[in-house]
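Participant: Have a look at the structure that comes next, please.
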Amino acid sequence: MRVCIVGISGKLGQYMVQHCLARGYEVVGVCREQSVDKLSAYEGQITLYPGPTNDRSVIERAVSECDAVLTVLAPWGVQQYSSGTARAVLDFSRPDTRLIFSCGWHISYDGQDVYSRTFKTIIACAGAMARCFRVVELKDQDVACNAVFESGRRWTVVRGSDLEEGESQGLPVWAKHVGVNPILKSNMTRRTDFALFMVASIEDETLVQQCPAICGCMSESALEYADQAGL
Ligand SMILES: NC(=O)c1ccc[n+]([C@@H]2O[C@H](COP(=O)([O-])OP(=O)(O)OC[C@H]3O[C@@H](n4cnc5c(N)ncnc54)[C@H](OP(=O)(O)O)[C@@H]3O)[C@@H](O)[C@H]2O)c1
């Protein structure tokens, strides 16, 4: 299994490297030139293609021979960074490649997520501030995900809850819709377990063309749900 991690030098990306290597996958990755040093611990174990993740020629070289591509959708700047990255991955990966993308709960696949007023206010404020300072383009993550949803490819878009650092607790629980299934109520996942879910999705056929919203398996809501279900 040859896996490309697009955005490999970030926090999520580096956790994905660990999980991929632990499974014996061959790992290649794309990250910005100035971030290559962040991966020095993996020298000799991974192959890097330095460059912006929305650089189509870099993505073409990195993904063309891969069985799976794990893409961190990061809405940085105001130059369609997320959508440019997603478009390049879709255009240059083989048609049968397993494609896994990361985003947050705010992305909705079928419009059936139910968001609290607080959540909607936070997203609206974050979006407005980010636009104002021209550092992040939250809406571009929507554009990126819509391109993935419409692609007809073997995709999974993993929607992360709020994240925290810490040791792995195991594979997160997930639900199709936010605000509907109480299992997600705690809204907290360890970042390493977000990465674990992304990597585990590669070989999980049940997640093809699914948009799971995840939450830590040891979170209060997940444990309560398991207790009530007698698990
Ligand atoms: N943070 C949260 O609480 C949260 C919650 C839910 C979902 N998510 C999702 O999780 C994913 C990543 O989250 P994370 O918190 O772990 O982030 P991260 O991995 O620290 O960073 C993500 C990527 O952004 C790149 N990046 C940073 N600054 C940049 C810039 N100015 N221009 C271009 N690229 C830049 C990083 O590359 P470099 O190494 O080159 O800087 C890295 O590849 C995203 O898909 C996000 O939507 C996050």
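Participant: Out of Ala88, Ala74, which single residue is without any contact (Cβ under 8 Å) to a residue 60 or more places away in the chain, small (Gly, Ala, Ser) and closer than 29 Å to Lys139 by Cβ?
Facilitator: Answer to the selection: Ala88.
Participant: Another question, if that's okay. Which of the residues belonging to the stretch 199-213 are assigned to a strand (DSSP E or B) and buried (at least 23 other Cβ atoms within 10 Å of the Cβ)?
Facilitator: Across the stretch 199-213, the qualifying residue is only Ala213.
Participant: Go through the stretch 17-85 and tell me which strands (runs of 3 or more DSSP E), entirely inside it, have 3 or more residues that are near the ligand (Cβ under 9 Å from one of its atoms) and under 30 Å from Met129 (Cβ atoms).
Facilitator: Ranges flagged: none.
Participant: Which residues, counting only those in the stretch 139-149, are within 14 Å of the ligand (Cβ to nearest atom) and not aliphatic (A, V, I, L, M)?
Facilitator: The answer is Lys139, Asp140, Gln141, Asp142, Cys145.
Participant: Anything in the stretch 1-16 that is aliphatic (A, V, I, L, M), surrounded by 16 or more Cβ atoms within 10 Å (Cβ to Cβ) and not in a strand (DSSP E or B)? List them, or say none.
Facilitator: Ile8, Leu12, Met16
Participant: Do you know which of the residues in the stretch 150-198 that are outside any loop (DSSP other than H, G, I, E, B) and away from the ligand (no atom under 14 Å from the Cβ) is surrounded by the fewest Cβ atoms within 10 Å (Cβ to Cβ)?
Facilitator: Only one residue tops the list, namely Pro182.
Participant: Counting just the residues of the stretch 128-149 that are part of a helix (DSSP H, G or I) and among the acidic types (Asp, Glu), which one comes out farthest from Thr206 (Cα to Cα)?
Facilitator: Filtering the stretch 128-149 for residues that are part of a helix (DSSP H, G or I) and among the acidic types (Asp, Glu), the one farthest from Thr206 (Cα to Cα) comes out as Asp140.
Participant: Looking at Cys125, is it within 18 Å of the chain's Cα centre (by Cα) and either in a helix (DSSP H, G or I) or surrounded by 13 or more Cβ atoms within 10 Å (Cβ to Cβ) (or both)?
Facilitator: In short, no.
Participant: I would also like to ask the following. Here's a check for you: in the stretch 32-59, which residue that is under 17 Å from Ala86 (Cβ atoms) and either touching a Leu at 6+ places or on another chain (Cβ under 7 Å) or among the polar types (S, T, N, Q) (or both) is modelled with the highest pLDDT?
Facilitator: Restricting to residues being under 17 Å from Ala86 (Cβ atoms) and either touching a Leu at 6+ places or on another chain (Cβ under 7 Å) or among the polar types (S, T, N, Q) (or both), the top hit is Ser57.
The values are calculated or read from the model by the stated rules, or taken from the named source; none is laboratory data. Because the structure is predicted, anything quoted here is derived from the model rather than measured. Here Cβ is always computed from backbone atoms with ideal geometry, including for glycine, and neighbour counts include all displayed protein chains.
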